[in-house]
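Before any comments, here is the structure.
The values are calculated or read from the model by the stated rules, or taken from the named source; none is laboratory data. Because the structure is a prediction, the values reported are computed rather than measured. As a convention, Cβ positions derive from the backbone with ideal geometry for all residues, glycine included, and neighbour counts pool all protein chains shown.
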There are 2 protein chains.
Amino acid sequence: MAKDKKLVEEITAREDDFAQWYTDVVKKAELMDYSSIKGCMIFKPGGYAIWENIQRELDKKFKEVGVENVYMPLFIPESLLKKESDHVEGFAPECAWVTYGGLEPLQERLAVRPTSETLFCDLYHNIVQSYRDLPKLYNQWCSVVRWEKTTRPFLRSSEFLWQEGHTAHKTEEEAEEFTIKMLNIYSDFCRDYLAIPMIKGRKTDKEKFAGAKATYTIEALMHDGKALQSGTSHNFGDGFAHAFDVTYTDENNELQHVHQTSWGVSTRLIGAIIMVHGDDSGLVLPPKVAPVQVVIVPIRTDDEAVAAKCNEVLDSLKKEDIRVKADFSDKRPGWKFAEAEMRGIPLRVEIGPKDLEKGECVIVRRDTREKTVVKLDELTEKIKEGLETMQSDMLHRAEDFLNGHISDAHTYDEFVDAVENKPGFIRAMWCGDVACEEKIKEDTTATSRCMPFEQEKIDEKCVCCGKEAKKLVYWGKAY
Amino acid sequence: MAKDKKLVEEITAREDDFAQWYTDVVKKAELMDYSSIKGCMIFKPGGYAIWENIQRELDKKFKEVGVENVYMPLFIPESLLKKESDHVEGFAPECAWVTYGGLEPLQERLAVRPTSETLFCDLYHNIVQSYRDLPKLYNQWCSVVRWEKTTRPFLRSSEFLWQEGHTAHKTEEEAEEFTIKMLNIYSDFCRDYLAIPMIKGRKTDKEKFAGAKATYTIEALMHDGKALQSGTSHNFGDGFAHAFDVTYTDENNELQHVHQTSWGVSTRLIGAIIMVHGDDSGLVLPPKVAPVQVVIVPIRTDDEAVAAKCNEVLDSLKKEDIRVKADFSDKRPGWKFAEAEMRGIPLRVEIGPKDLEKGECVIVRRDTREKTVVKLDELTEKIKEGLETMQSDMLHRAEDFLNGHISDAHTYDEFVDAVENKPGFIRAMWCGDVACEEKIKEDTTATSRCMPFEQEKIDEKCVCCGKEAKKLVYWGKAY
């Protein structure tokens with residue numbers, strides 16, 4: 001047994017060193033690897049397959065609300081990036097710059113896209129003329145580059161994968177409505193598919209996107225009590241439209257500026273899955289997003305009847321569109337169990353000669369390790385039930401964890417104490433002044449995560465300066 | 001009627017100026033647009049949706065043979081690109097180079113990937129140790145950059161979308177077998193899905209990929225008689241493995257070099273679809289790859305019964321997984337017909353008040369323009385049949401066209417005459433000497449397209465130099 005535990009022993013315990021545990025899981029579950037290019041990661045099959053599942057599901061939801069996919073150039077001329085002043089300030093310092101094309105120096109250097117607002121504005125400037133051309137609801141799946149000094153797999157790297165939606169609307173109201181609609185798609189998807197509950201709200205001006213009028217965010221809580229910004233949706237108003245001259249002729253033949261939005265989620269979501277659901281044996285994947293949902297392990301590989309039954313089960317589960325694999329390798333069963341656990345496969349089916357005699361097999365859940373003996377002729381139904389139960393149990397556990405890690409602070413002392421001693425979100429009132437945000441960050445490293453949509457007045461005064469409170473804010477340390 | 005024809009009149013006739021016709025169709029069917037970045041294109045929804053369909057289908061076929069998707073970094077350090085000498089010679093002159101990261105100059109410049117052999121070799125060097133780790137069958141869907149001086153939508157641009165598969169095998173035989181397997185997947189896909197027949201064969205040394213031992217190709221024939229290289233599959237032997245030190249310990253505990261392959265198709269395939277199937281009214285899409293397979297046009301938009309029936313038909317076709325849209329816009333029917341034709345939608349269903357009275361409607365095929373009056377209660381079946389028939393008719397027409405545009409040349413005069421007067425492929429014998437390939441290219445602009453798998457000896461002597469013939473070669477002008 002000692003040897004079978006090797007895989008598990010190779011990862012740091014989660015409570016000992018969360019950061020090291022995270023890196024170990026990423027590595028041992030073969031999700032990602034470092035490359036020889038500073039700050040750039042390799043998405044290995046295990047990690048990329050999760051992203052493919054996220055993509056497929058979100059893409060379907062985008063298309064249901066009329067979004068169309070496009071692909072825009074990888075490069076942005078410096079002059080185009082500079083057209084909107086807040087935007088260029090936010091992004092130019094972290095761009096990678098192309099200065100040579102082939103053997104010749106370029107006349108104007110090109111940024112490798114850090115985000116594509118400027119390209120979409122340029123396109124909309126060219127293709128939007130009349131109110132009949134609106135709305136434009138475009139999205140692209142691509143990689144973006146932001147030159148980061150420190151990197152962490154999935155959470156922060158110089159290149160990452162994401163989708164960026166960019167839309168143009170006739171009116172302010174329509175743009176605002178669409179901004180919120182996409183935020184809700186993100187939040188519903190994370191809850192229903194990734195089993196991660198989100199706090200939804202608006203970012204303060206200090207934390208909003210460079211060039212946006214309003215930024216909305218979904219914030220998740222990791223197991224170590226730190227927040228992870230998991231997706232954002234921005235309403236640009238007509239700021240970009242003025243900078244890029246994106247106008248249309250309205251029904252009364254008058255020239256109007258469009259109102260724009262953008263919204264994105266990235267491979268960060270994979271980091272969230274790991275840090276919300278993982279445990280000391282490795283990854284735990286919610287069944288809906290798991291590339292492999294069921295692994296079948298024959299208890300004796302030299303037994304032909306067992307092998308035949310495993311193959312039969314494999315085929316019948318495949319027919320039900322369950323993502324299933326059988327592990328016929330010559331490793332010992334204990335090792336196979338540990339490997340399947342490390343990779344977070346939701347259900348394990350064990351079939352041995354004695355089980356066969358009794359017409360039974362064993363199902364083991366990854367999250368609770370609960371074992372159930374099941375009649376072989378009921379296996380498909382039990383597997384389906386098991387996947388559903390595990391998905392909803394994982395969500396409920398994550399909800400309980402989130403709800404158990406929100407504390408209210410009414411005084412600055414309470415606030416400082418909470419940051420130090422109560423991992424999780426802190427709810428506290430705020431006067432609206434950026435100076436208070438800065439002081440809090442300076443004193444505690446906590447930042448304002450969002451002003452939740454469901455506002456309450458838990459106190460009359462700002463937790464920091466004591467002036468009149470304007471907003472309830474969720475605060476926290478964050479990734 | 002004059003006004004309804006406007007859309008069509010805006011495109012050049014195919015026989016008048018094929019190149020201009022192509023550009024017009026790309027533009028008017030809204031597949032692609034030029035961007036403000038030299039050589040870079042914008043994939044608009046109509047073009048990108050075709051690529052998504054190609055991706056989905058090919059990706060399924062890749063996974064069926066055990067290929068796993070990954071994502072590798074966008075950048076390649078210059079030193080890594082230089083490790084294999086033929087390879088760097090082939091690609092370095094057309095790389096875009098990143099020299100600044102944020103505000104600081106980089107110590108080593110980075111190429112924006114023109115192709116990723118070097119990165120995969122670097123990865124395999126790190127992760128392959130034992131024969132148990134083989135084969136590695138990885139693929140990625142991404143964009144690549146090659147700094148082109150002249151560009152044409154889908155055919156040649158500084159950035160394009162593709163997939164690149166990279167595999168590592170134990171033996172030479174296994175690598176060769178896999179190289180051919182992937183070529184066959186490409187060729188079957190093009191025939192069965194894009195309705196494009198391919199000539200399959202091996203490239204001459206002059207035309208092979210930089211660093212490959214053998215390059216295999218699928219070559220299609222465009223309507224103007226020029227060839228389009230549509231996909232390639234390379235066997236690298238152990239050349240890259242030596243350059244990058246990719247080794248494994250075999251079953252006898254001896255150190256061996258792996259044998260590698262790579263294979264790719266790109267958004268060029270969309271160019272092939274346009275140039276094989278398009279006509280003077282625009283695009284003609286094979287049903288299997290068409291983003292919209294059926295458009296429903298109400299003949300009177302102000303008739304409630306007609307609108308209701310259109311919606312009913314829309315829903316019932318959607319339920320059958322047919323990709324269908326209804327055009328309820330306030331444009332005139334003739335205009336809608338022209339627009340649907342321009343976009344290449346395979347079937348058009350017309351429903352008017354008189355049809356309703358008779359319980360009928362009209363189906364019009366995009367390719368033949370054949371009209372069929374159909375009972376409404378048989379519509380779904382007829383649509384399914386119509387899509388299948390059109391798909392196979394399109395393939396047969398393309399096959400007939402290909403077979404009708406292959407001529408044999410036995411003498412150099414015949415060869416030169418064929419290049420000038422017989423658009424299409426020319427079959428002629430070759431001695432194997434690169435000097436003859438160069439002379440032929442110099443004299444006629446035709447190049448060797450491939451040495452077909454099915455070799456015949458149509459003559460004893462090389463068509464160019466008269467020396468002993470070694471291979472039958474397909475020659476032609478090419479994109």
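In the range A:141-150, what residues are within 19 Å of the chain's Cα centre (by Cα) and facing another protein chain (nearest Cβ under 8 Å)?
If the condition is that a residue be within 19 Å of the chain's Cα centre (by Cα) and facing another protein chain (nearest Cβ under 8 Å), then A:142, A:143, A:145 are the ones that fit.
Is the range A:164-182 home to any residue that is under 14 Å from the mean Cα position of the chain (by Cα) and surrounded by fewer than 21 Cβ atoms within 10 Å (Cβ to Cβ)?
No, there is no match, as no residue in the range A:164-182 is under 14 Å from the mean Cα position of the chain (by Cα) and surrounded by fewer than 21 Cβ atoms within 10 Å (Cβ to Cβ).
Looking only at the range B:355-366, decide whether some residue is under 30 Å from residue B:24 (Cβ atoms) and loosely packed, with under 14 Cβ neighbours inside 10 Å.
Looking for residues that are under 30 Å from residue B:24 (Cβ atoms) and loosely packed, with under 14 Cβ neighbours inside 10 Å, one finds none in the range B:355-366, hence no.
Give the range A:401-415 a look and list any residue that's among the hydrophobic types (A, V, I, L, M, F, W, C) and in a helix (DSSP H, G or I), or say none.
A:401, A:402, A:415
Return yes or no: is residue A:66 closer than 16 Å to residue B:142 by Cβ, at pLDDT 95 or above and small (Gly, Ala, Ser)?
no
Of all residues in the range A:110-138 being aromatic (Phe, Trp, Tyr) and either under 25 Å from the mean Cα position of the chain (by Cα) or surrounded by fewer than 23 Cβ atoms within 10 Å (Cβ to Cβ) (or both), which is farthest from the other protein chains (Cβ to nearest Cβ)?
Ranking the candidates gives A:131 first.
Tally time: how many residues in the range A:373-396 are touching a residue at least 24 places away in the same chain (Cβ under 8 Å) and among the charged types (D, E, K, R)?
Count: 3.
Quick one: residue B:366 ticks every box in (1) among the basic types (Lys, Arg); (2) in contact (Cβ under 8 Å) with a residue 12 or more places away in the chain; (3) not assigned by TED's automatic domain parsing to the domain that holds residue B:344 except a single one, so which number is it?
It fails just one condition, (3).
Tell me, which residue of the range A:98-109 that is aliphatic (A, V, I, L, M) and within 7 Å of chain B (Cβ to nearest Cβ) is nearest to residue B:101 (Cα to Cα)?
The qualifying residue nearest to residue B:101 (Cα to Cα) is A:98.
Determine, yes or no, whether residue A:168 is over 20 Å from residue A:427 (Cα atoms), touching a residue at least 60 places away in the same chain (Cβ under 8 Å) and not in a strand (DSSP E or B).
No.
Which residues, counting only those in the range A:339-367, are over 12 Å from residue A:295 (Cβ atoms) and among the aliphatic types (A, V, I, L, M)?
Across the range A:339-367, the qualifying residues are A:356, A:362.
Which residues, taken from the range A:62-77, are more than 7 Å from chain B (Cβ to nearest Cβ) and surrounded by 16 or more Cβ atoms within 10 Å (Cβ to Cβ)?
Within the range A:62-77, A:62, A:67, A:76 meet the criteria.
Which number in (1) assigned to a helix (DSSP H, G or I); (2) within 14 Å of chain A (Cβ to nearest Cβ) marks the one condition that residue B:175 misses?
(2)
What's the number of the condition residue B:59 fails, among (1) surrounded by fewer than 22 Cβ atoms within 10 Å (Cβ to Cβ); (2) in contact with a Leu (Cβ under 7 Å, 6 or more places away or on another chain)?
Unmet condition: (2).
Considering only the range B:251-264, state which residues are touching a residue at least 40 places away in the same chain (Cβ under 8 Å), surrounded by fewer than 24 Cβ atoms within 10 Å (Cβ to Cβ) and in contact with a helix residue (DSSP H, G or I) (Cβ under 7 Å, 6 or more places away or on another chain).
Matches in the range B:251-264: B:251 only.
Checking residue B:214 against (1) among the aliphatic types (A, V, I, L, M); (2) closer than 24 Å to residue B:86 by Cβ; (3) in contact with a Phe, Trp or Tyr (Cβ under 6 Å, 6 or more places away or on another chain), which single condition isn't satisfied?
(3)
Enumerate the helices (runs of 4 or more DSSP H) found wholly within the range A:271-363, keeping only those where 3 or more residues are farther than 27 Å from residue A:48 by Cα.
A:304-319, A:353-358
Which residue is nearest to residue A:191 (Cα to Cα), if the candidates are limited to the range A:80-97 and must be within 9 Å of chain B (Cβ to nearest Cβ) and surrounded by fewer than 19 Cβ atoms within 10 Å (Cβ to Cβ)?
If we take residues in the range A:80-97 being within 9 Å of chain B (Cβ to nearest Cβ) and surrounded by fewer than 19 Cβ atoms within 10 Å (Cβ to Cβ), then A:94 is nearest to residue A:191 (Cα to Cα).
Can you say whether residue A:187 is crowded, with 20+ Cβ neighbours inside 10 Å and among the small types (Gly, Ala, Ser), as far as the supplied structure shows?
yes
Which one of these is surrounded by fewer than 24 Cβ atoms within 10 Å (Cβ to Cβ) and in a loop (DSSP other than H, G, I, E, B): A:243, A:210?
Going through A:243, A:210 in turn, just one is surrounded by fewer than 24 Cβ atoms within 10 Å (Cβ to Cβ) and in a loop (DSSP other than H, G, I, E, B): A:210.
If the Cβ limit is 7 Å and pairs must be 6+ apart or interchain, which residue in the range A:30-53 that is on the phi < 0 side of the Ramachandran plot and at the interface with chain B (Cβ under 7 Å from one of its Cβ atoms) pairs with which residue that is acidic (Asp, Glu) and surrounded by 19 or more Cβ atoms within 10 Å (Cβ to Cβ)?
Hits for this filter: A:36/B:122; A:40/A:159.
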